[in-house]
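A.B. asks: Just passing along the structure, written as structure tokens.
The values are calculated or read from the model by the stated rules, or taken from the named source; none is laboratory data. On a predicted model such as this, the values are computed, not experimentally measured, just so you know. Virtual Cβ from ideal backbone geometry, glycine too; neighbours counted across all protein chains shown.
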Amino acid sequence: SVQRTLVLVKPDGVARGLTGEVLRRIEAKGYRLVALELRTAPAALLEEHYAEHAGKPFYAPLVEFMGSGPLVAAVVEGDRVIEGFRSLAGTTDPTTAVPGTIRGDLGRDWGLPVAQNIVHGSDSPESAAREIGLWFPGV
Ligand code: CMP
């Protein structure tokens, strides 16, 4: 059935000029953009977005990194898009993400305290609804 997911091109992806490449892969797969915005996220939004990671060792560096520069937030729609985008993105660790995926083709480790892995995608229908409400109230 038709779903929506929240996709973020993280500050590393935007800084490296990979926004177009990420959006190209999403559109080439056949998904549809229903909202799209470049913005620098305030800490309060990022703390809420990543609330489930509060207390983990990478939480503070993650919030700092995600607020370090502009990111691109998007709502993407299509049948099974939540799973489908996660498949396009590849696994969390960009060093070992499978080639052919966004992270596997374009990401690697940079010796930093938090993995800079180019994109975020919601991991479940519940997360997608919560995250879209946070980033795009009204969409
Ligand atoms: P994302 O899909 O945005 O969700 C949480 C983020 O935290 C993840 O991508 C990575 O950027 C980061 N992350 C998750 N697990 C770890 C980890 N074990 N070490 C460092 N960073 C992590």
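A.B. asks: Can you find, within segment 1-32, the residue that is surrounded by the most Cβ atoms within 10 Å (Cβ to Cβ) among those that are away from the ligand (no atom under 16 Å from the Cβ) and part of a loop (DSSP other than H, G, I, E, B)?
C.D. replies: Y31
A.B. asks: Can you name the residue in segment 108-138 that is within 11 Å of the ligand (Cβ to nearest atom), assigned to a loop (DSSP other than H, G, I, E, B) and within 15 Å of the chain's Cα centre (by Cα) and, of all such residues, is farthest from R4 (Cα to Cα)?
C.D. replies: Only one residue tops the list, namely V114.
A.B. asks: Kindly provide the set of residues from segment 38-54 that are charged (D, E, K, R) and in contact (Cβ under 8 Å) with a residue 24 or more places away in the chain, ordered by number.
C.D. replies: Within segment 38-54, R39, E48 meet the criteria.
A.B. asks: Does segment 49-56 include one or more residues that are within 18 Å of S124 (Cβ to Cβ), within 11 Å of the ligand (Cβ to nearest atom) and either basic (K, R) or at pLDDT below 95 (or both)?
C.D. replies: So far as segment 49-56 goes, no, none of its residues is within 18 Å of S124 (Cβ to Cβ), within 11 Å of the ligand (Cβ to nearest atom) and either basic (K, R) or at pLDDT below 95 (or both).
A.B. asks: So, in segment 65-107, of the ones that are of a type in the set (D, E) and free of Cβ contacts under 8 Å to residues at least 40 places away in the same chain, which residue ends up farthest from the ligand (Cβ to nearest atom)?
C.D. replies: Looking at the filtered set, the residue picked out is D105.
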